[in-house]
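Data first, discussion second: the structure below is written as structure tokens.
The values are calculated or read from the model by the stated rules, or taken from the named source; none is laboratory data. Just so we're clear, the structure is a prediction, and the values are computed from it rather than from any experiment. Ideal geometry is used to build each Cβ from the backbone, glycine not excepted, and the neighbour counts take in all protein chains shown. Surface accessibility is based on the protein's heavy atoms, side chains included, excluding ligands, DNA and RNA. Shrake-Rupley method; radii C 1.70, N 1.55, O 1.52, S 1.80 Å.
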Amino acid sequence: MAAAVGSDFDAATAPFRRELVVHCYRMLGSVHEAEDLAQETLLRAWRARDRYDERRASLRTWLYRIATNACLTELEGRARRPLPSGLGAASQDPDAPIVPDFEVPWLQPLPDTYLRRDQADPSAWASERDSVRLALVAAMQLLPARQRAVLVLRDVLEFSAAEVAAQLDTSTAAVNSALQRARAALAQAAPRDTTVRAPEDPAVRETVERYVRAFEAADVDTLVTLLTDDAVLEMPPVPLWYAGRLDYGRFLARVFATRGGGWRMVATAANGQPALAAYCPDDSGVLRLHTLQVLTVTGEGIAYNVVFQDAQVFEAFKLVPALDPVG
């Protein structure tokens, strides 16, 4: 393997590039930073390729060691990437000022194009999808960086405690201790919601289709019926969020009163969840890209909607800036 890595480095490492980006995203909460760190990982590996020893670790394990430590270095002295709900209480004022805060390094969504839908084992696809759900990634940002690394390496990627200890230059006992603390903190921050349904579930598709029709019709009454009682709406980079069907609906009414109707929604996918690019007509009728909405759908309806208005997010999802008006 060492000879193969040395002679054709790109071919040997290419199968791992996508998953390295996803790994760095779980650690950093930013697609652009994850891309940069995955590229940095491959650059460091190329420079060290003559020192790689397949008897000590597989190529995949070696690359994850480099990537994880690159992420830990990147996270030193850095503030975590939150969502608005992680910074303060929910608003009950539908007319509260909508003022973006660009000083906060907000959590970003992950395009589903990074996930391996071609996996032969459906359970492997489901596991990867579940490991990047937006609420879970947001909760992981609350963990200290090394605990986050241990949790991802052990519980998501299923490396052994001994492998993780070698990757982090620590002891197996320290890995097990960090994992126990990380699991406890994560369970408190993001209790597992077994009612969340997969995007391919027919009921989820129907709910999303009804949501699209109602949103495009500016039909607040119907939109509200699609929400759970405790539905949450968040809007980074605006540090404003709403909890509960009533306040969510009152804010939607404000949006349509301000922006008018004629919206168009374009389906996409993020973090293993259904997502929608929302386009709003300008004065000339051209539909301008407004937001990306990432939905969490349960058996009871839409429980969570994180609405992103960020040029970097739009770029990551390759969203066109404008659509021609119908007719």
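For a paramagnetic label modelled on residue 101 (point 7 Å from Cα along Cα→Cβ), amide N atoms under 17 Å away belong, within segment 200-244, to 233-243. For segment 36-120, the extents of the C-alpha atoms along the principal axes are 62, 38, 17 Å, listed from largest to smallest. Note that the chain presents 47 Å² accessible area per residue, ligands and nucleic acids not counted, probe 1.4 Å.
Modelled this way, with points 7 Å down the Cα-to-C-beta line, the labels at residue 311 and residue 206 are 4.3 nm from one another. For segment 199-255, the Stokes-Einstein estimate of translational diffusion at 25 °C and a viscosity of 0.890 mPa s comes to 204 µm²/s, using the Kirkwood hydrodynamic radius over alpha-carbon pairs.
Any chance you could check the Cα centroid distance between segment 7-37 and segment 264-321 for me, in angstrom? Cα centroid to Cα centroid, the span is 25 Å. Among the protein heavy atoms of the chain, carbon and sulfur supply 51% of the accessible surface, probe 1.4 Å, non-protein parts ignored.
Annotation for residue 176 and residue 123: the two label points, set 7 Å from Cα along the Cα-Cβ direction, are 2.5 nm apart. Angle between the Cα long axis of helix 59-75 and the longest principal axis of the chain, 0 to 90 degrees, nearest 10? Its long axis makes an angle of about 60 degrees. Largest first and in whole Å, the equivalent-ellipsoid semi-axes of segment 35-183 read 32, 18, 17, each the square root of five times a Cα gyration tensor eigenvalue.
Direction-averaged projected area, Cα convex hull, segment 213-327: 7.2 nm², rounded to one decimal. Modelling each spin label as a point 7 Å along the Cα-to-Cβ direction, I'd like the residue 18/residue 93 distance in nm, to one decimal. Between residue 18 and residue 93, the simple spin-label model gives 4.7 nm.
Taking each residue as 0.36 nm, the span from residue 9 to residue 54 lengthens on full extension beyond its C-alpha to C-alpha distance by 14.8 nm. Annotation for segment 222-327: GluC sites (Glu not before Pro) lying in DSSP loop with at most 15 further Cβ atoms inside 10 Å of their Cβ are 300. Cα extents for segment 123-218 along the principal axes, largest to smallest and rounded to whole angstrom: 58, 25, 19.
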